[in-house]
Amino acid sequence: MTLPKMALTDSATATADAVIIGFTRQGDGIALAEGAQDVAAAYDGDLLAALDAVGASGKAEEVVKLPAPKGLAAKVIVAVGLGDADAVTPEQVRRSSGAATRTLSGTKRALNTLGAIDLQAAAEGSALGAYVFTDYKSDKGDAPLGRVDVLSPADGAAKDHRATLKAATLIAEAVATARDFINTPPNDLYPASFADRAAALGRAAGLDVEVLDEKALKKAGFGGILGVGGGSARPPRLVRLSYRGPKARAKVALVGKGITFDTGGISIKPAAKMDEMTSDMSGAAAVVASVVLAAKLKYPLEVTATVPMAENMPGGGAYRPGDVLSMYGGKTVEVLNTDAEGRLILADAIVRASEDEPDYLIETSTLTGAQVVALGSRTAGVMGSDDFRDRVAELARAAGEGGWAMPLPEELRGDLDSRLADLANVTGHRWGGMLVAGHFLKEFVPDGLDWAHIDVAGPAFNGGSPWGYTSKGGTGVPVRTIAAVLADIAEAG
Ligand code: BES
Ligand code: MN
Ligand code: ZN
């Protein structure tokens, strides 16, 4: 993890190597955003005219660099577009901060004046925009950005600004933690090593840690996790990390899919893009990072992450199409396709998590290609009990991660009926694949429990170019959504 040191400043013209200012599109022209005025005043000449002269339009995330004048401590002004002046959202501040900060590797110290618009968004955007993962590069390139001073808003108390910056820094750290897990290649991140790293992180944050190895899983009857993990030389794990907050208002169970690599198993995947299945543990990465974050932010909640970890491989011990697995809790599942493995390890984990009698259950997973077909690569599909599902989807959008409520149509459920067992793991058709997976999970959720399933198959991994504060590779979605839901539950119950 290489995040810059984050600090506050009260002056847009304080010492820094680069100063980030915002500008917007207004009518036919451009306008300076909040926070940019003092930099413009120090500029010898007309800053807006200079931006106009180089063709700057103010469109969202456009980045234009200008040499800074003598009077300013900074050597360079990094002007970043915020889009239309009357529609600047917190997420736009986050993305623009990220886009500007991404251009500053090799720089020691940056000052982000977008904090004057939205301190939390500017801080998160800059911290995450500075994220790089070079653990496996011999030549590390430019040194990552060392420090960001974020300009405080004009109003509000200094104490509140400090608390906001602290929270933003911890949230960005949690996202970066998830990204690091995802970006670590599957030859180094496999169930046992993932479990070790998650346990170490949990212990360092003062969490209760439990790790079940393959022997313990067998003894307790985790047939889903053992079935899926059987084809790998590297046996599965179940990790549980628990945070018990002060004056807990509610008990929240988190569950995340930890397939450290998904070949498809005997129902093997085609070669194209199979490498991206290194990210099939993104849900696990997100819930591990989130429970640690809950502890660091001292939410008045009890939060337990239950994280099944397995590698889906076609080895000699692999489960087969046709097998019937006896799941944790006693249900039986007929396996018709070994590539629908996530739901099998998640079913075991959901049943285990539910034994704690939580008030809410949030499960997240890179579960279906159908999610990407339906909603694209940046909008998660959210299923579950009606009210909580809608609440999670709305908070996902407010957090800027994108989420949309999806139904579990009654008529699809019967298509999971099995000739042999209680349930099959796939249907005989390809319709509504994301929703079918939701139905499968629902079979393992106790009646009456408020629950949400967040399918992040598309959003968890950026196979394209960097954008906003999103680097290539693991994105850390939905850590900020989970953080927002936990904060909302801590506040409203
Ligand atoms: N890990 C995949 C889903 C996935 C696909 C994640 C693309 C990220 C990007 C999952 O295990 C899977 O293989 N799902 C199958 C289910 C099918 C066999 C019912 C799928 O979506 O094709
Ligand atoms: Mn699969
Ligand atoms: Zn998978």
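Can you tell me the relative contact order of the stretch 363-404? Whole percent, Cα pairs under 8 Å, sequence separation 6 or more.
35
Give me the net charge of T103's neighbourhood, meaning all other residues with Cβ under 13 Å from the Cβ of T103; Lys, Arg count +1, Asp, Glu -1.
After counting each charged neighbour, the total is -2.
If amide hydrogens are placed 1.01 Å from N in the peptide plane, which non-local residues have theirs closer than 5 Å to the one on T2?
Residues meeting the criterion, in which the H sits 1.01 Å from N, are V132.
Cα-based Rg of the stretch 178-492 per 2.2 N^0.38 Å, rounded to two decimals?
0.89
Quick one, what does Rg over Rh come out to for the stretch 71-164 if you take C-alpha atoms and the Kirkwood Rh?
1.01
If the only charges are +1 at each Lys and Arg Cβ and -1 at each Asp and Glu Cβ, what is the size of the charge dipole of the chain around the Cα centre, to the nearest 20 debye?
Dipole magnitude for the chain comes out near 1300 debye.
Quick one: accessible area per residue over the chain, 1.4 Å probe, rounded to a whole number of Å²?
Per-residue value: 39 Å².
Taking 8 Å as the Cα distance limit and 6 or more residues as the minimum spacing, I'd like the relative contact order of the chain as a percentage.
Value for the chain: 15 percent.
What order do you get for 165-174, 107-116 when each peptide is scored by the mean count of other beta carbon atoms within 10 Å, highest first?
Top of the packing list down: 107-116, 165-174.
Using the Cβ atoms and a cut-off under 11 Å, what net charge is assigned to the surroundings of E302, where Lys and Arg are +1 and Asp and Glu are -1?
Cβ neighbours under 11 Å give a net charge of 0.
Hey, what did the stretch 347-424 get for relative contact order, percent, Cα under 8 Å, at least 6 apart?
Normalised by residue count, the contact order of the stretch 347-424 is 20 percent.
Using the Kirkwood formula on the Cα atoms of the stretch 27-99, what hydrodynamic radius do you get, in angstrom to one decimal?
That comes to 12.7 Å for the stretch 27-99.
I need the Debye-formula profile for the stretch 147-228: one equal scatterer per C-alpha, no solvent, reported as log10 I(q)/I(0) at q = 0.16, 0.23, 0.26 1/Å, two decimals.
Computed log10 I(q)/I(0) values: -0.81, -1.17, -1.24.
Ignoring ligands, DNA and RNA, what percent of the accessible area of the chain is carbon or sulfur (1.4 Å)?
On the chain, the fraction of accessible area on carbon and sulfur atoms equals 50 percent.
How large is ³J(HN,Hα), in whole Hz, for each residue of the stretch 62-68 in order, when computed from phi with the Karplus curve 6.51 cos²θ - 1.76 cosθ + 1.60 and θ = phi - 60°, using x for Gly and Pro?
5, 10, 10, 9, 10, x, 7
Would you kindly give the portion of the calculated P(r) for the stretch 207-292 that falls above 16 Å, as a percent of all Cα pairs?
Looking at the stretch 207-292, the distances longer than 16 Å represent 62 percent of pairs.
Using the per-residue mean of other Cβ atoms lying within 10 Å as a proxy for protection, in what order, highest first, do the peptides 21-27, 57-63 fall?
Those peptides, ordered most packed to least, come out 21-27, 57-63.
Quick one: the Cα spread of the stretch 5-145 along its three principal axes, in angstroms, biggest first?
Reported extents, whole Å, longest axis first: 47, 33, 29.
What does the highest-first list of 28-37, 212-221 look like by mean Cβ count within 10 Å?
Final packing ranking: 28-37, 212-221.
Please enumerate, by chain and number, the lysines with C-alpha under 24 Å from the C-alpha of K269, excluding those fewer than 8 residues away in the same chain.
Hits, sequence-local ones excluded: K257, K472.
So what's the stretch 382-493 giving for Cα Rg divided by 2.2 N^0.38 Å, two decimals?
1.22
Would you tally the net charge around P153, using a Cβ to Cβ cut-off of less than 9 Å, leaving P153 out, and scoring K and R as +1, D and E as -1?
My count for the surroundings of P153 gives -3.
Students often forget the sequence filter, so: which aspartates and glutamates lie under 14 Å Cα-Cα from K298 once same-chain residues fewer than 8 apart are removed?
Candidates past the 8-residue exclusion: D488, E491.
The values are calculated or read from the model by the stated rules, or taken from the named source; none is laboratory data. None of the values given here were measured: they were computed from a predicted structure. Note: ideal-geometry Cβ built from the backbone for every residue, glycine included; neighbour counts use all protein chains shown. Keep in mind that these areas ignore ligands, DNA and RNA; they rest on the heavy atoms of the full protein, side chains included. Shrake-Rupley method; radii C 1.70, N 1.55, O 1.52, S 1.80 Å.
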